[in-house]
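Take a look at the structure below.
The values are calculated or read from the model by the stated rules, or taken from the named source; none is laboratory data. Remember, predicted model here, so these are calculated numbers, not experimental data. For neighbour counting, all protein chains shown are included, and Cβ atoms are generated from backbone atoms with ideal geometry for every residue, glycine included.
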Amino acid sequence: MKWQGRRGSSNVRTSGGKKVVGGGIGGIIIGLILWLVFDVNPMTAMQTGQSITGGQSSSTTTQPVTDNSRDTQFVKVVLADTEAVWGEIFRENGSTYQEPELILFNQRVESACGLASAATGPFYCPADKRVYLDTSFFAEMRHNLGISGDIQGSGSDNNQDKAGDFAQAYVIAHEVGHHVQTLLGISQKVNQARQRLSQAEANQLSVRQELQADCFAGVWANRNQKRVQFLEPGDLEEAIHAASQIGDDRLAHASGREVVPDNFTHGTSQQRVNWFKRGFQSGDIHSCDTFNSAI
């Protein structure tokens with residue numbers, strides 16, 4: 001993936017001290033109960049807990065990024081690329097894109113959706129409209145997802161350094177896709193509908209929401225390729241490989257748990273691959289209606 005030399009976003013921040021916004025500990029406790037007792041998705045559980053208590057949990061103050069490492073510069077460029085593409089798409093549809101902040105944190109962070117750790121993985125919090133990314137994300141992704149230079153068909157040092165770039169960009173673009181869903185009012189409708197459904201039905205709705213974010217990531221890749229020609233041979237395969245590795249069925253199997261479709265919240269490996277590819281092939285957000293399509 002070619003990314004050096006392009007504009008970096010000014011919306012990448014690092015987490016600082018904690019600032020109490022309101023609602024607080026009661027929402028966190030309810031969220032933990034939903035998560036541990038009723039097996040609700042952790043971030044959804046925290047959001048629900050805060051809505052029940054009528055407020056948000058502690059949020060994190062931020063400061064400008066001073067780290068000039070390769071990974072940080074990469075994040076800045078990818079986020080800037082999403083800003084350019086989604087800004088263009090929103091203008092085409094008669095609207096204005098509101099850029100999210102991306103918060104880099106170390107080990108744990110307090111968001112408006114509750115406390116999160118590196119184990120949570122990258123996530124988007126609709127309550128504060130921020131994407132959160134632990135600084136160990138890149139190393140963990142390369143190690144746990146088996147992303148290496150072999151995907152690009154070369155073992156050279158140069159390719160090893162670049163290995164997995166587009167797979168990592170796909171994950172960031174997926175989280176930005178959740179921000180787009182929030183701006184379009186989709187996330188709010190999903191959360192409201194989930195409260196009226198059984199757990200299995202609510203999980204199915206979450207799957208459709210996640211698959212749409214995958215599709216939006218594909219749309220971004222398509223449009224960004226037309227804009228700056230950033231893809232290299234093997235890049236698309238990287239993203240498809242990453243999507244296949246984080247399907248609910250594969251993760252359950254890898255952890256030794258029973259594969260139970262009713263418990264899925266993100267979709268199977270094949271579904272995630274299919275919807276990313278659909279977005280990439282079309283470059284059109286209207287092709288990403290997972291809520292009214294067979295998935």
Could you please tell me which pairs satisfy a Cβ distance under 6 Å, a separation of 6+ or placement on different chains, a first residue in segment 268-295 that is on the phi > 0 side of the Ramachandran plot, and a second residue that is not charged (D, E, K, R)? Gly283/Val219; Gly283/Asn222
One residue from Glu232, Glu258 being surrounded by 15 or more Cβ atoms within 10 Å (Cβ to Cβ) and in a loop (DSSP other than H, G, I, E, B): Glu232
Any chance segment 244-254 includes a residue that's loosely packed, with under 13 Cβ neighbours inside 10 Å and of a type in the set (D, E, K, R)? no
List pairs: first in segment 64-91 and in contact (Cβ under 8 Å) with a residue 40 or more places away in the chain, second basic (Lys, Arg) and surrounded by fewer than 19 Cβ atoms within 10 Å (Cβ to Cβ), Cβ under 6 Å, 6+ apart or cross-chain? Val77/Arg6; Ala80/Arg7
State yes or no: is Leu197 over 22 Å from Glu83 (Cβ atoms) and free of Cβ contacts under 8 Å to residues at least 60 places away in the same chain? yes
When Gly153 is run through (1) farther than 19 Å from Asp71 by Cα; (2) crowded, with 22+ Cβ neighbours inside 10 Å; (3) touching a Pro at 6+ places or on another chain (Cβ under 9 Å); (4) at pLDDT below 95, the failure sits at (2)
Applying the selection to segment 92-142, what residues are in a strand (DSSP E or B), farther than 30 Å from Gly283 by Cβ and in contact (Cβ under 8 Å) with a residue 24 or more places away in the chain? Phe105, Val109, Glu110, Ser111, Gly114, Leu115, Ala116, Asp134
So which residues in segment 161-204 are farther than 25 Å from Arg278 by Cα and not in a helix (DSSP H, G or I)? Gln195, Arg196, Leu197, Ser198
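Only one of these is acidic (Asp, Glu), more than 18 Å from the chain's Cα centre (by Cα) and farther than 17 Å from Tyr170 by Cβ: Asp235, Asp249. Name it.
Criteria check complete, one pass: Asp249.
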